[in-house]
Structures are given as C-alpha cells and as structure tokens.
Amino acid sequence: MTIKVNNEKISVENNATIETIVKQMNLPSFGVAIARNNKMVPRAEWSTTLLQEDDSIVVVKAACGG
Amino acid sequence: MENLVIAGREFKSRLFLGTGKFNSNILMEQSILASETEMVTVAMKRIDMDNQEDDMLSHIVHPHIQLLPNTSGVRTAEEAVLAAQLAREAFGTNWLKLEIHPDPRYLLPDSIETLKATEELVKLGFVVLPYCQADPVLCKRLEEAGAATVMPLAAPIGTNKGLRTEDFLRIIIEQSNVPVVVDAGIGAPSHAAAAMEMGASACLVNTAIAVAGNPVEMAIAFKEAVVAGRRAYEAGLGSVGVIAEASSPLTAFLG
C-alpha cells in the first residue's frame, strides 16, 4: 500500500507499523515525535500502530529556532 | 538579585536564548554556555527519509537548562495544539513557547489564535509562554487564561530594532501578575538592559547574539546587560528631573 511520510509517497507492506518506517529513517533516540493523520502517536504505540492506505505520517525532530 | 520563578521553577538567569541562525551547532553551544542562560528554545521540523543531519539537541541539553520547545510554523490554534503535543512527546517537557505567526513577512503573532491556543493548552496541562503583541489588554487575557508568562514583542522578530513598543511594555509590566519576558526585536545589550530597568522579568534574545561578529562575546555582553538592568531595577532608579540639582555642596569655600 501507499502512504505519505512528510508529504513524500512511499510503499510499505500491508502489515507495516509506524515502527517499520521509523527503522528506515536513522532517527535520533531523543527529540523525535510522530503524528498520524494529524494526531500525535506516543512512542510507546509506534510498534502496535498499523498503517493504513493513504495514511499521512508526519515525523518531526528538533531544529534550531528562536 | 531575586531569582525568577516561572510555574514553580526558579531561574538564576533572566536571559533566555533562542537557537536559530548560528553558523554552527558548536558556536551555538558555546554561546549558550557563555550566556549562563537556563532557558533555551528549540523548534521542530519535518525530517527527510534519508536524515543525516547533526543532532542539534545534543548541543543544548545540559542539566541546568530548561528546554523551551516552540510552535514556530503553525498558523492556527488547532495546529499549535498538535505541535505542542508533538513537542511534549519529543522533548519530555510540558513547557511551551506558543508562537502563532501566519504572516511570513513580519512574523507578527495572531492574537486571536494565540489566546484560543493558550486556553486549550493550559487545559491540556502545558506550561504556556505565549509570544504575543505588546498589547496590555491581550496580556491580561492571556494571564487570565492561565499563561505562565507573557512574552510581548519589542519589535518584529530578527529586526534588532530594540524597544519600539516601550510605552506598551511599561503598561504590561505594571499590570501583570505573571512574569513579563520581552521577546523579539532586542538587538543590543543596551536594549536588554533598558527592558530590565523597566521591570521586565526576563529577555529572550536570539538574532542579536547569533549573527554578531563574535556570538560568544555577545552572549556574555547580553548576560552582563541583563544582570545590570535587573540590579538597577531592584536598587530603585533615581527620579528624572528637569532642573539641575547639585550633587556637590554649593557653599562658597574660597571666601
């Protein structure tokens, strides 16, 4: 199926979870958060949150700013 | 000098630092440490699938520093609430610099959305420090909504123009029951000292330090200015007069 990660379309397996895509992204262990369809998903639920067709995933991390 | 207290946490330093615009993360960290700040802002951004960037957080996480995530990039209260929830998850703190500025040209805060978001975020348990217009009425409304501080602007973000809103800042400081942090537009240590002499509780500075010829030295200059300004405020400034008043005896001692 196809989902969007930060507006970029990617293909994932049907039983993929948020954890599945996180593993591909070389994320730092602290300072990262994820929203699925504009709702924040706590880190503890990444491995159990199954992705669905057309899901929009937003992955954010710390950045410099005032 | 009195410590600053926000939401029950005490701060010795009354200088908050932003982390934008530094030439490198190393220079940013050196400036933060030189300033002796205990409150540092951090933004969030979407990351690429092939993320390879240096992790800026490792340069700002120190035991004495309270991270203050901001909501930069949001345009509405609804977006701000999602950004706040992401920030709380990412950084493990419920402290938040709420900033909603939809117009990229002047980056002026949207007062209506800021008030709505403050009301909502306080209910959700956030310690909300809203960046806002130097509007005394709005600042009282934010305080009533439960904001932990108000952070009125001195001038548009990044302009280094100084205390263009001075008259309104004075009213805000006079009326506020929460700390008043002057945020945005402070371009020189003298501006920060002036704000502190007026009774501001703290200053938030970013551009003026980050783009200085020597950011580390400028961070020290701001630290000293904020201390001097606060010390002067607590000491009680002399009154301003029109007619000269001799500070030496005027008796004619030569006969």
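Where a number appears in this text, it was derived from the coordinates with a stated rule and is not lab data. Please read these numbers as outputs of a predicted model, since none were measured by experiment. Glycine gets a Cβ as well: all are built from the backbone with ideal geometry, and neighbour counts include every protein chain shown.
Tabulated data for the structure shown
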item	result
Some residue of the range A:45-54 being within 26 Å of B:V74 (Cα to Cα), within 13 Å of chain B (Cβ to nearest Cβ) and surrounded by fewer than 20 Cβ atoms within 10 Å (Cβ to Cβ)	yes
Any hit, the range A:28-40, residues being more than 12 Å from chain B (Cβ to nearest Cβ), in a loop (DSSP other than H, G, I, E, B), in contact with a strand residue (DSSP E or B) (Cβ under 9 Å, 6 or more places away or on another chain) and surrounded by fewer than 18 Cβ atoms within 10 Å (Cβ to Cβ)	no
Verdict on B:P104 being of a type outside the set (D, E, K, R), more than 19 Å from the chain's Cα centre (by Cα), under 29 Å from B:L138 (Cα atoms) and surrounded by fewer than 16 Cβ atoms within 10 Å (Cβ to Cβ)	yes
Filter pass, B:L57 being within 21 Å of B:T93 (Cα to Cα) and more than 8 Å from every other protein chain (Cβ to nearest Cβ)	no
Considering residues of the range A:55-66 that are assigned to a loop (DSSP other than H, G, I, E, B) and within 11 Å of another protein chain (Cβ to nearest Cβ) only, the residue surrounded by the fewest Cβ atoms within 10 Å (Cβ to Cβ)	A:C64
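Results for (1) surrounded by 24 or more Cβ atoms within 10 Å (Cβ to Cβ); (2) more than 14 Å from the chain's Cα centre (by Cα); (3) part of a loop (DSSP other than H, G, I, E, B), shown as yes or no for each residue.
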residue	(1), (2), (3)
B:E119	no, yes, no
B:A134	yes, no, yes
B:I157	no, no, yes
B:K161	no, yes, yes
B:A192	yes, no, no
